[in-house]
Amino acid sequence: MARFRNNKKKAFVKPIMKKQPSVDHITGDKIPKSFVFSRGKMPGSLRQLQMDLRKLMLPYTALKLKEKRRNNIKDFLNIAGPMGVTHFLILSKTETAPYLRVARTPQGPTLTFKIQEYSLAVDVAHSQVRPRCPKDLFKNPPLIVLSGFGTGEQHLKLTTIMFQNIFPAIDINTVKLSSCERIVLLNYNKETKLIDFRHYSIRLQPVGVSRRIRKFVQNHQVPDLRSLQDVSDFVTKAGYGSESEADDEAATVTVPSDLGRVNRASTKSAVKLQEIGPRMTLQLMKVEEGLCSGGVIFSESDHGKQKTQETEVEEKEEEEVMAED
């Protein structure tokens, strides 16, 4: 018999997408979100730096944001409002150096940084003996630590406020230790006027427990004991039982609750930081009032000239005092 084709169309079921929250359910503050994109022609290394920055800003960023050459700042601004995007990170390149602009939407201000040096996440991983970057490392936003910015200058205060607000705020009374997996460190050098930008992963290791025992507990695997006479040989085997990295007392904490299978409550654990990249050396060049436009609040070239003039005036005053004596 001839078989008849069933012309009934199958119903299309739209997949359920988990919508990201726009307000923190504990603090009630608006969660900052970001777009990371570039302007102009970019070499392959800077394109990869752009992807590294997107991963760093996870989970509150558009990891697969698509951009076209004809897109301008207004195009990104038009979709930023409905999506709750609060910050832009814009990469660009001139003939002399690459630049990074960090802007608050929709009205600014905008900070322009010159990228003096940078290393990609893959380069950082290749330089390590045991690189560590688990898949679920980016499910929570990183912590932010700023060092050396308390000089009182206005442009450094603006830089501090900008980077503090680019990541969600935390409440130390309610934050879960398991969510603190990454940290972004910015260190300002007053002498060189450069900012060291680093990105680390955080992990806790129980103090006094050998690496072999930790692996045994974490991996859920029965070890091979055929070559051993007793179970105690597995623990006290040379190179493992006494293998204990030098635990700095200042880098140890007492865990208030169980964290994973290894770190137990009320026990001491060592805090280990491992760099995951990207790594950048930045120099603040300009601060503008608006979004990539408006009045210039700070300019490194004008600031340098002013400092030179002040130094010359001070030297003249010292010479006059010496001549009077």
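The values are calculated or read from the model by the stated rules, or taken from the named source; none is laboratory data. Everything quoted here is computed from the prediction, not taken from an experiment. Cβ: placed from backbone, ideal geometry, glycine included. Neighbour counts: every protein chain shown. Heads up: the accessible areas ignore ligands, DNA and RNA and are worked out on the full protein's heavy atoms, side chains in. Shrake-Rupley method; radii C 1.70, N 1.55, O 1.52, S 1.80 Å.
Annotations for the structure displayed:
- A Cβ distance below 6 Å, combined with a sequence gap of six or more or placement on separate chains, defines the contacts here; from the stretch 105-122, residues that are within 13 Å of Leu284 (Cα to Cα) and at pLDDT 95 or above reach residues that are assigned to a strand (DSSP E or B) and among the β-branched types (Val, Ile, Thr) in the pairs Leu111/Val102; Leu111/Val287; Gln116/Thr281.
- Taking the listed residues Arg54, Arg69, Arg47, Arg5, the one that is open to solvent by 90 Å² or more (accessible area, probe 1.4 Å) and either modelled with pLDDT of 95 or more or assigned to a strand (DSSP E or B) (or both) is Arg47, with no other qualifying.
- The stretch 72-97, residues that are in a loop (DSSP other than H, G, I, E, B) and crowded, with 17+ Cβ neighbours inside 10 Å: Val85, Thr86
- Look at the stretch 286-301: where a residue is open to solvent by 30 Å² or more (accessible area, probe 1.4 Å) and a partner is of a type in the set (Phe, Trp, Tyr) and outside any loop (DSSP other than H, G, I, E, B), sitting 6+ places away or on another chain with Cβ atoms under 7 Å, you get Lys286/Phe298.
- Selected residue (criterion: modelled with the highest pLDDT) from residues of the stretch 169-182 that are under 22 Å from Cys133 (Cα atoms) and not in a helix (DSSP H, G or I): Arg182
- Cβ-Cβ under 8 Å pairs, at least 6 apart or on other chains, the stretch 30-49 side touching a residue at least 40 places away in the same chain (Cβ under 8 Å) and within 23 Å of Met83 (Cβ to Cβ), far side of a type in the set (D, E, K, R) and crowded, with 18+ Cβ neighbours inside 10 Å: Val36/Arg54
- As for the stretch 123-131, it holds no residue that is closer than 30 Å to Leu273 by Cβ, open to solvent by less than 40 Å² (accessible area, probe 1.4 Å) and part of a loop (DSSP other than H, G, I, E, B).
- Of the residues making up the stretch 184-201, those that are open to solvent by 30 Å² or more (accessible area, probe 1.4 Å) and not aromatic (Phe, Trp, Tyr) are Leu185, Asn187, Asn189, Lys190, Glu191, Thr192, Lys193, Leu194, Asp196, Arg198.
- Within the stretch 50-70, if we keep just the residues that are closer than 22 Å to Leu291 by Cβ and free of Cβ contacts under 8 Å to residues at least 24 places away in the same chain, the residue that is farthest from the chain's Cα centre (by Cα) turns out to be Arg70.
- Qualifying residue in the stretch 101-116 (condition: buried (at least 19 other Cβ atoms within 10 Å of the Cβ), polar (S, T, N, Q) and within 30 Å of Gln274 (Cβ to Cβ)): no
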